[in-house]
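Below: the structure, in C-alpha cells.
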Amino acid sequence: MGAVEGKVAIVTGAASGIGRGAALALASRGARVVVADLNIDGAQAVVREIESAQGIAIAIRVDVGDDQALEDLKAEVLTAFGRVDIVMNNAGVITRGLPEHIPIEEWHRVINVNLFSVVRSHAAFLPLFLGQGSGHFVNTASFAGLMSYSYDRLPYAASKAAIIQISEGLALYAIPKGIGVTVLCPGPVATNIGVGIPSFGPETTTRGPGSQFGVRDPLEVGHEVVDAIEANTFMLTTDDQIREILVSRARDWDGYVHNQILAME
Ligand SMILES: NC(=O)c1ccc[n+]([C@@H]2O[C@H](COP(=O)([O-])OP(=O)(O)OC[C@H]3O[C@@H](n4cnc5c(N)ncnc54)[C@H](O)[C@@H]3O)[C@@H](O)[C@H]2O)c1
C-alpha cells in the first residue's frame, strides 16, 4: 500500500492493548484513525492521546459481535472521512476451561466476537475496496491459531486458526486486485486481555507458547503493523522464533504433539 500518511484507518478493539498501539502508531505516521471499540470511554481517551500529539482521530462505539455493526461503522466512517483505506479487525476475547467444561454458548460467544467479526468486516469493506481498487485488511490472529500449546482455551484457538485461514484465502483473491491482507499473529503482548477472563470448571494453569518468547510492548507491535501495511506483508508475527517451531512441527507433527504433552506434565 505504501505510506499510510493521509489514509483513513479503522482499528477495532482500539481502546486498549494492541489495537490502541496500532491506532497510536498509525496516527503518528499520518493516518486519520477511527478508534472503534465497545468501550467508548476508552476509545475517546485514545483519541485524546492522538490529538494531543497533533494526530487526527475519531472514536466510534462498535460491538463487532453484532451482525449490522460493521455496515453501520462503514457508513459512519464514510460520512466522517469520505473514504476507508485500512481496516484492522483486532477486537477479540478469550475464555478458559477444560474442553469438557466450556459450554456451547461460550463457544458461540467467542467464535462470534473473534471470528464472525472478521467475516462481517470483509463483507462490509471488501466491496468498497474492490470498487476503489485499493485497501488493506489487517486481521489479528494469534500464536494460538498457529500451533497448540494449551488445552484450556480451545474456542479462542479455533477462532484464531480460522482467522489465519480466512486471511490466507482472502489474500489469494484480493492481492491480485490491489488489496493488501496482513494477518497479525502475536505471541505474548502486555495488554488487558487477561483481565476478568471467564472461567469454567476447575482452575487451570494457562500455559503460554514457551519461555523463549518475551512479552512484547503493544506500541512497538503497532508500529510493526504499520510497517507490514506499508510493505504489503502477509504474515506478521511478533517473534519469528515461532517459524522454527512450525517448520519442525511440519517435519514431525506427532513428535510435536508428544513433546507438548510432555512439557505439560
Ligand atoms: N495480548 C496478547 O498476548 C495477545 C496474543 C495473541 C493475540 N492477541 C489478540 O490481540 C487482539 C487484541 O487483544 P489485546 O491483547 O490488545 O486485548 P485488550 O483486552 O487489551 O484489548 C481488546 C479490546 O477489544 C475490545 N472489545 C472486546 N470485545 C469487543 C466487541 N465485541 N466489540 C468491539 N470491541 C471489543 C475491548 O473493549 C478492548 O478494548 C485480540 O484479538 C487478541 O486475541 C493478543
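Residues that are surrounded by fewer than 24 Cβ atoms within 10 Å (Cβ to Cβ) and more than 8 Å from the ligand (Cβ to nearest atom) within the range 33-47 comprise Ile40, Asp41, Gln44, Ala45, Val47, listed in sequence order.
Just for the range 207-216: of the residues that are surrounded by fewer than 14 Cβ atoms within 10 Å (Cβ to Cβ) and either within 9 Å of the ligand (Cβ to nearest atom) or of a type outside the set (Gly, Ala, Ser) (or both), which one is farthest from Ser142 (Cα to Cα)? I'd like the intermediate steps shown before the answer.
Applying the first criterion (surrounded by fewer than 14 Cβ atoms within 10 Å (Cβ to Cβ)) to the range 207-216 yields 208, 211-212, 214-215.
Next, only the ones that are either within 9 Å of the ligand (Cβ to nearest atom) or of a type outside the set (Gly, Ala, Ser) (or both) stay: 208, 212, 215.
Working: Gly208: 12, Gln212: 16, Val215: 14 Å.
Across the range 207-216, the extreme among qualifying residues is Gln212.
Pick from the range 58-101 the residues that are more than 15 Å from the ligand (Cβ to nearest atom) and in a strand (DSSP E or B): which of them is nearest to Val138 (Cα to Cα)? The residue in question is Ile86. Of all residues in the range 218-256, exactly one satisfies the criterion of being loosely packed, with under 13 Cβ neighbours inside 10 Å and among the β-branched types (Val, Ile, Thr), namely Val247.
A quick yes/no check of all residues on (1) in a helix (DSSP H, G or I); (2) in contact with a Gly (Cβ under 9 Å, 6 or more places away or on another chain); (3) in contact (Cβ under 8 Å) with a residue 60 or more places away in the chain:
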site	(1), (2), (3)
Pro127	yes, no, no
Gly131	yes, no, no
His136	no, yes, yes
Asn139	no, no, no
Gly145	yes, no, no
Ser148	no, no, yes
Ala161	yes, yes, no
Gly169	yes, no, no
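Tell me, which residue of the range 125-147 that is within 16 Å of the ligand (Cβ to nearest atom) and of a type outside the set (A, V, I, L, M) is surrounded by the most Cβ atoms within 10 Å (Cβ to Cβ)? Taking the candidates together, the pick is Thr140. Condition check: more than 19 Å from the chain's Cα centre (by Cα), at positive phi and near the ligand (Cβ under 10 Å from one of its atoms). Does Gly201 satisfy that? Here the answer is no, as Gly201 does not meet what is asked.
Which residues, counting only those in the range 215-265, are basic (Lys, Arg), touching a Gly at 6+ places or on another chain (Cβ under 9 Å) and free of Cβ contacts under 8 Å to residues at least 40 places away in the same chain?
Start the filter on the range 215-265 by keeping residues that are basic (Lys, Arg), which leaves 216, 243, 249, 251.
Subset that is touching a Gly at 6+ places or on another chain (Cβ under 9 Å): 216, 249.
Matches in the range 215-265: Arg216 only.
When the range 221-265 is examined, which residues are found to be farther than 23 Å from Asp152 by Cα, outside any helix (DSSP H, G or I) and over 19 Å from the mean Cα position of the chain (by Cα)? Hit for the range 221-265 is Asp252, nothing else.
Hey, among Ala9, Ala22, which residue is touching a strand residue (DSSP E or B) at 6+ places or on another chain (Cβ under 7 Å) and assigned to a helix (DSSP H, G or I)? Answer to the check: Ala22. Filtering the range 165-173 for residues that are within 16 Å of the ligand (Cβ to nearest atom), under 18 Å from Ile18 (Cβ atoms) and not basic (Lys, Arg) leaves a non-empty set.
Values quoted throughout were computed directly from the atomic coordinates according to the rules given, and no laboratory measurement underlies them. What you see is a predicted model, and the numbers here were worked out from it, not measured in a lab. Here the Cβ is made from the backbone with ideal geometry for all residues, glycine too, and neighbour counts use every protein chain on show.
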